[in-house]
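Peer 1: A single structure is presented below for examination.
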Amino acid sequence: MVEHLVLFKLHEGTSEADKHKVVDTLQKLKDIEGIAEFSVGLNHSQEGKSQGFEVGMRIGFVDQASLDAYLPSERHRSIVGQVREHFADVIVLDYTW
């Protein structure tokens with residue numbers, strides 16, 4: 001399994017409606033071939049350590065080849081493109097377990 005973790009920092013002043021739009025739009029990624037597990041949601045941690053990152057997404061790919069196919073895929077690029085305007089910063093971390 002290859003874990004693909006993504007944290008999104010949204011532009012300051014992003015409305016609650018737009019935050020939910022980001023999550024709802026990213027949810028459409030879950031049906032892409034090679035994805036075994038998927039979750040996305042808004043941060044609600046009270047620890048104060050999110051450094052402004054408000055949306056988290058975790059995708060479990062069946063293997064590295066599936067992740068490699070996903071990244072340049074038109075569906076991935078199209079869905080992310082629908083909400084990219086709201087991103088101030090993004091962190092990506094991949095690991096195999």
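Peer 1: Restricting attention to the range 35-42, does a residue exist that is more than 23 Å from residue 95 (Cβ to Cβ) and either among the hydroxyl-bearing types (Ser, Thr, Tyr) or at pLDDT 95 or above (or both)?
Peer 2: Yes: the range 35-42 contains one or more residues that are more than 23 Å from residue 95 (Cβ to Cβ) and either among the hydroxyl-bearing types (Ser, Thr, Tyr) or at pLDDT 95 or above (or both).
Peer 1: Open to solvent by less than 50 Å² (accessible area, probe 1.4 Å), closer than 15 Å to residue 38 by Cα and of a type outside the set (Val, Ile, Thr): which single residue out of 87, 61 fits that description?
Peer 2: Residue meeting the stated conditions: 61.
Peer 1: Pairs under 9 Å by beta carbon, first residue in contact (Cβ under 8 Å) with a residue 24 or more places away in the chain and hydroxyl-bearing (Ser, Thr, Tyr) in the range 73-97, partner assigned to a strand (DSSP E or B) and open to solvent by 70 Å² or more (accessible area, probe 1.4 Å), six or more apart or different chains?
Peer 2: none
Peer 1: Sticking with this structure for a sec: Going by the structure shown, is residue 3 surrounded by fewer than 17 Cβ atoms within 10 Å (Cβ to Cβ) and in contact with a Phe, Trp or Tyr (Cβ under 7 Å, 6 or more places away or on another chain)?
Peer 2: Yes.
Peer 1: Restricting to the range 1-58, name every residue that is farther than 19 Å from residue 77 by Cα, in a loop (DSSP other than H, G, I, E, B), without any contact (Cβ under 8 Å) to a residue 40 or more places away in the chain and in contact with a strand residue (DSSP E or B) (Cβ under 7 Å, 6 or more places away or on another chain).
Peer 2: 43, the sole residue that qualifies.
Peer 1: Checking the conditions here, which among 53, 38 is open to solvent by less than 30 Å² (accessible area, probe 1.4 Å) and either under 27 Å from residue 66 (Cα atoms) or in contact with a Gly (Cβ under 6 Å, 6 or more places away or on another chain) (or both)?
Peer 2: 53
Peer 1: In this structure, does residue 13 turn out to be open to solvent by 20 Å² or more (accessible area, probe 1.4 Å), closer than 18 Å to residue 90 by Cα and touching a helix residue (DSSP H, G or I) at 6+ places or on another chain (Cβ under 7 Å)?
Peer 2: Spelling it out, it is not the case that residue 13 is open to solvent by 20 Å² or more (accessible area, probe 1.4 Å), closer than 18 Å to residue 90 by Cα and touching a helix residue (DSSP H, G or I) at 6+ places or on another chain (Cβ under 7 Å).
The values are calculated or read from the model by the stated rules, or taken from the named source; none is laboratory data. In this text, all values refer to a predicted model and were calculated from it rather than measured experimentally. Using ideal geometry, Cβ is built from the backbone for each residue, glycine included, and neighbour counts are taken over all protein chains shown. Just the protein is used for accessible areas: all its heavy atoms, side chains included, with ligands, DNA and RNA removed. Shrake-Rupley method; radii C 1.70, N 1.55, O 1.52, S 1.80 Å.
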